[in-house]
């Protein structure tokens, strides 16, 4: 089922997600719904907060991106990232590998808003997979950037928090407009019986 994507201005985007202790049928359904929502939205990543669930859960799929390569190493051996997509990560933890690089980012919760953000080029990732089994890998390029972006969401951090101040000031009118629209929609929902 395609879920509504939460937009900037909704307080749930600032909420840190709870750890997932057990992979229940409800969690498996949420993962499936998030994958479907991400695909329908032409996204490469989606955090649970973006579909109104404050959980430590993200889905990622970089298969369709041709102009921004990704790398993946499983047990020290290079693997084709496309063969492992879509990827669900529960309770993810990362460790940066290498220096930060600047790269363009957007976000489904910020339609039509883009900016460059500095992030480590590669990261080591530890998480549980969609079945609750431990998963560890190193990734680089776009896959690394997407995982870091979504991990920020799981901790209530938004990509605008990582932008250069100058970029954020340039985008302030768009951000204010989006936030105002979102808050007005939330107020309408509260007024309905």
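Within the stretch 123-176, how many residues are surrounded by 19 or more Cβ atoms within 10 Å (Cβ to Cβ), more than 21 Å from residue 54 (Cα to Cα) and touching a helix residue (DSSP H, G or I) at 6+ places or on another chain (Cβ under 7 Å)?
Total meeting the criteria: 3.
Return the residues of the stretch 153-185 that are within 21 Å of residue 16 (Cα to Cα) and either at pLDDT below 95 or assigned to a helix (DSSP H, G or I) (or both); say none if nothing qualifies.
Restricting attention to the stretch 153-185, the residues satisfying the condition of being within 21 Å of residue 16 (Cα to Cα) are 153-163, 179, 182-183.
Within the stretch 153-185, 153, 154, 159, 160, 161, 162, 179, 182, 183 qualify.
Residues that are more than 22 Å from residue 35 (Cβ to Cβ): list the strands (runs of 3 or more DSSP E) wholly contained in the stretch 57-98 that include at least 1 such residues.
Details: elements: 57-60, 70-74, 77-79.
The strands (runs of 3 or more DSSP E) meeting that bar are 70-74, 77-79.
Do we find that residue 31 is more than 28 Å from residue 174 (Cα to Cα) and in a loop (DSSP other than H, G, I, E, B) in this structure?
Values: more than 28 Å from residue 174 (Cα to Cα): yes; in a loop (DSSP other than H, G, I, E, B): no.
No: the conditions fail for residue 31.
Among the candidates 150, 121, which residue alone is within 24 Å of residue 15 (Cβ to Cβ) and modelled with pLDDT of 95 or more?
Details: 121 fails: within 24 Å of residue 15 (Cβ to Cβ).
After ruling out the rest, the residue left standing is 150.
With touching a strand residue (DSSP E or B) at 6+ places or on another chain (Cβ under 9 Å), without any contact (Cβ under 8 Å) to a residue 40 or more places away in the chain and under 28 Å from residue 171 (Cα atoms) as the only criterion, which of 69, 100 stands out?
Numbers: 69 fails: without any contact (Cβ under 8 Å) to a residue 40 or more places away in the chain.
After ruling out the rest, the residue left standing is 100.
Just for the stretch 85-99: of the residues that are surrounded by fewer than 22 Cβ atoms within 10 Å (Cβ to Cβ) and modelled with pLDDT of 95 or more, which one is nearest to residue 45 (Cα to Cα)? I'd like the intermediate steps shown before the answer.
Keep residues of the stretch 85-99 that are surrounded by fewer than 22 Cβ atoms within 10 Å (Cβ to Cβ), which gives 85-86, 91-99.
Narrowing further to those that are modelled with pLDDT of 95 or more: 85-86, 91-96.
Details: 85: 11, 86: 9, 91: 15, 92: 14, 93: 16, 94: 16, 95: 19, 96: 19 Å.
So the residue we want is 86.
Go through (1) in contact with a strand residue (DSSP E or B) (Cβ under 6 Å, 6 or more places away or on another chain); (2) part of a loop (DSSP other than H, G, I, E, B); (3) closer than 28 Å to residue 170 by Cβ and name the single condition residue 20 misses.
Single failed check for residue 20: (3).
Which residue is nearest to the chain's Cα centre (by Cα), if the candidates are limited to the stretch 24-47 and must be surrounded by 18 or more Cβ atoms within 10 Å (Cβ to Cβ) and more than 22 Å from residue 65 (Cβ to Cβ)? Reasoning before the result, please.
Within the stretch 24-47, the subset surrounded by 18 or more Cβ atoms within 10 Å (Cβ to Cβ) is 27, 30-31, 34-35, 37-38, 43-47.
From what's left, more than 22 Å from residue 65 (Cβ to Cβ): 27, 30.
Numbers: 27: 17, 30: 15 Å.
Result: 30.
The values are calculated or read from the model by the stated rules, or taken from the named source; none is laboratory data. Here the structure is a predicted model, which means the values were calculated and not measured. Every residue, glycine among them, receives a Cβ derived from its backbone with ideal geometry; neighbour counts consider all protein chains shown.
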